[in-house]
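The values are calculated or read from the model by the stated rules, or taken from the named source; none is laboratory data. Since this is a predicted model, take the numbers as computed values, not measurements. Every residue, glycine as well, gets a Cβ built from its backbone with ideal geometry; the counts of neighbours run over all protein chains shown. In case anyone asks, the SASA skips ligands and DNA or RNA and just uses the protein heavy atoms, side chains included. Shrake-Rupley method; radii C 1.70, N 1.55, O 1.52, S 1.80 Å.
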Amino acid sequence: MKNIDIKRLLYTHLLCIFSIILSIFIPSVFLENFSILETHLTWLCICSVFVTAVNLLLYVVVKPSASAKRSSLSYKVTRFLKCCIYFLMSCFVFHVIFVLYGAPLIELVLETFLFAVILSTFTTVPCLCLLGPNIKAWLRVFSRNGCGPSPARSERPLATWLASSFHLSGYTGIESNLHTRTINWNKGRFCVCRFHKDCAEMYMV
Amino acid sequence: MQKISVLLFLVWVCFLFYAGIALFTSGFLLTRLELTNHSSCQEPPGPGPLPWRSQGEPGACWMASRFSRVVLVLIDALRFDFAQPQRSHVPGEPSVSLPFLGKLGFLQRILESQPHHARLYQSKADPPTTTMQRLKALTTGSLPTFIDAGSNFASYAIVEDNLIKQLSSAGRRVVFMGDDTWKDLFPGAFSQAFFFSSFNVRDLHTVDNGIMEHLYPTMDTGEWDVLIAHFLGVDHCGHKHGPHHPEMAKKLSQMDQVIQGIVERLGNDTLLVVIGDHGMTKSGDHGGDSELETSAALFLYSPTALFLRPPPQEPEVVPQISLVPTLALLLGLPIPFGNIGEVMAELFSVVEDSQPHSSALGQATALYLNAQQVFRFLHTYSAAAQDLQVKEFHRLNNLFSKASADYLRLLQSPQGAEAALQTVITELQEFLRGVRAMCIESWARFSLVRMAGGAALLAAACFLCLLIAQWATSPDFHLPPLLLIPVAWGLAGIVACAGLLATTELKLDPVVVGAVAAVGSVLHILWKAWVGWGSKRPLAALLPVPRPILLLLLIRFAAFFSDSFVVAEARAIRFLLGSLILLLVAQLHWEGKLLPPKLLAVPRIGFPAPAGPSGHRGTHALGLGVGLLLCIRLAGLFHRCPEETPACHSSPWLSPLASMVGGRAKNLWYGACVGALVALFAAVRLWLRRHGNLRSPEPTVLFVRWGLPLMVLGTAAYWALASGADEAPPRLRALVAGASAVLPRAVAGLAASGLLLLLWRPVTVLAKATTTTGAPRIRTVLTPFSGPPTSQADLDYVVPQIYRHMQEEIRGRLERTKSQGPLTVAAYQLGSVYSAAMVTALTLLAFPLLLLHAERISLVFLLLFLQSFLLLHLLAAGIPITTPGPFTVPWQAVSAWALMAAQTFYSTGHQPVFPTIHWHAAFVGFPEGHGSSTWLPALLVGANTFASHLLFAVGCPLLLLWPFLCESQGSQKRRQPHGNEAEARAGPEEEEAAPLMEMRLRDAPHHFNVALLQLGLKYLFVLGIQILACALAASILRRHLMVWKVFAPKFIFEALGFIVSSVGLFLGLALVMRVDGAVSSWFQQLVLAQQR
């Protein structure tokens, strides 16, 4: 099953890349005078929209069948709004980093911001889809000690993160299946489960 | 003594690098062979009789003279467009009124009214466009090579044949007035001369006024045949204000009047030549090969008609050195032997006889003579030097034979068609141009063997640094054998090499001998390494550099091989530095030191939160990182564009305040600069006070308290004078001039005396600690020792004990009094004794260096201190303190430090090209110039250029010391919350460890010395691979279009920077060792005092 998960992740990434390529060619059908170099701003927008769309689509397709509380509209709306705010924040953070790196402060500000947006779509949006708007979970994923006392795997945090992604991909299956899967998982790696709220709940069940 | 051997070892490694640099330089920067042959009247340039019209006439040499007198007006940096009219009606463009356009109105009028008497050319100067090279070229007709550019301020007499020499040997009276560079170039060649110092580029008027005082009277006396007037005002105005300044318009108008005055006094037999020796860039500098720098104006005028045809629409472009053969033949002189210029044929058409045939014949004759002379030179040169390309040489040979045969055939049948003559002219011109192209091509010849040897030696030295830095951590590391054996080998190499050279009777080249010695000494260690590593350990251990840092260093290494990356290095460095800082922050986060553990802790009961080793201390790291990035970004605002980068605007803040126009803005800026100074001073003072070192009654501390403010005051006063010197009322001029000479010297003297004081008494410790030490308890510690310690080993054993005991004593009192009074501070003083000395030394160094820069650079210096402070803190957060040693400074720290040094080099307004050197630094404290001495201005300019290299290299030991300093802050913070709680004794070992700080280093003297050695070697390695990359780039890309413009200057700057850095590093390490020695003797005194 690990192979299946890796494959799924690979397909996700391939789809993203494919969407980027599509974003180069499709708009030229609808828009006049479209080219990457001349109307680069438009392309940046379209590209980020495409990638976001692919990510959201995948999220919806492999959407976990949520519990009653999770399916309530208000919960969904707040979650979505939170995601939007996080995304915007990440855009601004990237923008600040670019300016600190040497991007001009006033001129070309639109270009810089759109660059921040596109980098955010490549990095933050998948994270939001996978981990949800949960800063603590993020921090734990991206630090060595994030897994707590699981010394066997703790030196390979990226592997754990990868594992968490597999986990989400594998989440589509039947719950019982998932349950056994989680139980049967390598003991050293079970901590990944905690990253996801749903998963944590799942584990407690 | 291990300290001595550490320093000697570093000296030896530096010697290896120097030998490599010297060997490479001797192979890379070659000079052209200068021939000392002379042309003479009696000896025609080629076989056969002298042609047409030259025989029998009086005063005729190779050709009959057309003018008996010449007035040569050399206006330094008279760019071609300075002589152009202000075009009022350019279609499509708005008419812009540039201050330098259309100011030579008289020239324009004369060009329009007398088209057959006057002509304007665009003369193309060959790079390097520095005045001395141009003067050499304008008199010898040759191509001064790059290496001459270095000797611009120590010019020597020209040994090659030249116009002035020909003139004086022909008995013509040459009168000179103007730039005193000519005095060095042509000593004793003038019948009358008025020299004026050219060095003070801020002085616009002295030279010009001096010339004008003498020019017309001399002309009127008539006691001259050739009159040369070299005006410097335009050039100095460019350097001081740039071409777009109203002052330039005034200067050009003045030149216009001068020319008008001369023309009014010209006789009919006189030729007037007005020429600019080079142009200037948009910022007013010169030296490179950009279009604006190489294009100069050339204006010819004679009261008799000169030209047959009216001028072309656009002025013709001629090489600058064409003037040499042209003037020689027009004056009836032999063309200088080494000339490779081509006569301006148009001037040799006979005007009185308007037959096309005879005019073409005149041109062909001049060209033929010229070609004969060039051919003779070429043959002599190729016999002497063999560095011309054989194939091209043969082609040119054939071309010349054909052309001369054609010419001689035409002479035999004088009624030949004009078309045939034109063909001959074309052939001769083709030959002359071919020769010139070939010479340009081959006078950049390299000695590949030396270059390869130099690069190999550099690489070996880098490898050695890496190796020893790795070895030093092993427990059985002993330095003296590592030092003595190579030195013995090196001496053997010297002896062998000298003996070999002596037996073969070759010239003893110090560069070669040094290189042989270096190779001899390094071979031993390399061999040992080969044996040791090949058998035992895997090769991967040879690269102890962590992978991200390795990648970073590789990127840095590779960037030297691309001209655009070298040109844009300022931005590349900022990027690399920013990335490294982000990496450091990310690494901290990775290791769990960035955020408090509770954020990361798992909210589960079963697992206790993993306690980070220094979780609290790291919370600031994020802020430090952001602050650093911000500092780098701000420092990036002070950037200077290299030449010829389109769409790049140099920061206006780099220019001195004196060049600002608005009074209010000037005042505001002045306030900001003084504010930066005060902030710098206050920050240092605050830091010292925080660590308690300001309480010591030592003279050094007294100097910091009272001497530093004086220096700040002196600097501020000097700036005020310098920025407002032009506005001073006339009565105060003398006072202002005197003060602006005295103030910088006073500041430098204060700094020097402060440094001497620091060297004398580097221990800044409050003596109170000694008086409060309880005597009876000390004795209990010292029972094993009766009598004074006799050896170093005894001391090493006793001193830490005493220190610990003092700590205990103080803590005991603390517990008793329950107060954290000055006694803890007394303990902290010892804890920061090394870094206090370092910081004081750096501050004292920084102030005179600051003075050499433009005022507004002081903001950059403030940023420099701030960002190195932040970086040290950030690095210290990531470095664990290993209590008994070994201490190491990680690679990322050393790399970040070196990168920051390079970044500051750029943000202080420097670029690795010659025109952007801040020459005005030579006048700080010497407003009148330096007279004949050259080393002092060179020192001042060098200190200005390599200020950042020096500061960072001297401050390098701080990388080792800082983590120990930060220890106190961490524990202080930790202790405070604990103190309020009931369980106060959180960790006894922590309590004890807290005040030890830098004394940990003293506790392990062996590890301390090894750490210093390792730090030095690592820093040398990081700098060494830069110079290695430069050398490799220069040798691989030696035929690159940009080699003389980008790679060669980069190599020279990098080499000089390396030398400055290594010296600075040595001084820094020596200072730490001096402090160490002083602390030892302090302890010794303490011991003696207790025993009494």
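Multiplying the residue separation of B:F477 and B:R433 by 0.36 nm and removing their Cα-Cα distance gives an extension gain of 9.3 nm. For the set B:E213, B:E430, the ranking by accessible area, highest first and with no ligand, DNA or RNA atoms included, is B:E213, B:E430 under a 1.4 Å probe.
Counting heavy atoms of the protein chains alone, B:W489 has an accessible area of about 140 Å² for a 1.4 Å probe. Each peptide in B:516-524, B:846-854 gets a packing score, the mean of other Cβ atoms within 10 Å over its residues, and the list from highest to lowest is B:846-854, B:516-524. Percent of Cα pairs in region B:884-943 per distance bin of 5 Å, from zero to the largest separation: 4, 14, 16, 15, 13, 11, 9, 7, 6, 4, 1, 0. Distances between every pair of Cα atoms in region B:640-738, grouped in 10 Å steps from 0 to the bin holding the largest one, split as 13, 30, 26, 21, 9, 1 percent. Using a ≥ b ≥ c from the Cα gyration tensor of region B:617-695 (square roots of the eigenvalues), is it rounded, prolate or oblate, where a/c under 1.5 gives rounded and otherwise the larger of a/b and b/c decides, a/b for prolate? Taking the square roots of the gyration eigenvalues as a ≥ b ≥ c, region B:617-695 is oblate. Of the chymotrypsin sites (Phe, Trp or Tyr not before Pro) found in region B:262-336, none is in coil by DSSP with at most 11 other Cβ atoms within 10 Å of its Cβ.
In region B:242-295, a dipole from Cβ-located charges (positive for Lys and Arg, negative for Asp and Glu) runs towards its positive end, and of B:T294, B:L271, B:G261 it is B:G261 whose Cα lies farthest in that direction.
If you take all other residues with their beta carbon under 11 Å from the beta carbon of A:G102, and give Lys and Arg +1 and Asp and Glu -1, the sum is +3.
Each residue of region B:270-329 gets 114 Å³ once the volume of the Cα convex hull is shared out per residue. The loop-placed trypsin sites (Lys or Arg not before Pro) in region B:1020-1084, going by DSSP, that have at most 10 neighbouring Cβ atoms within 10 Å of their Cβ come out as B:R1039.
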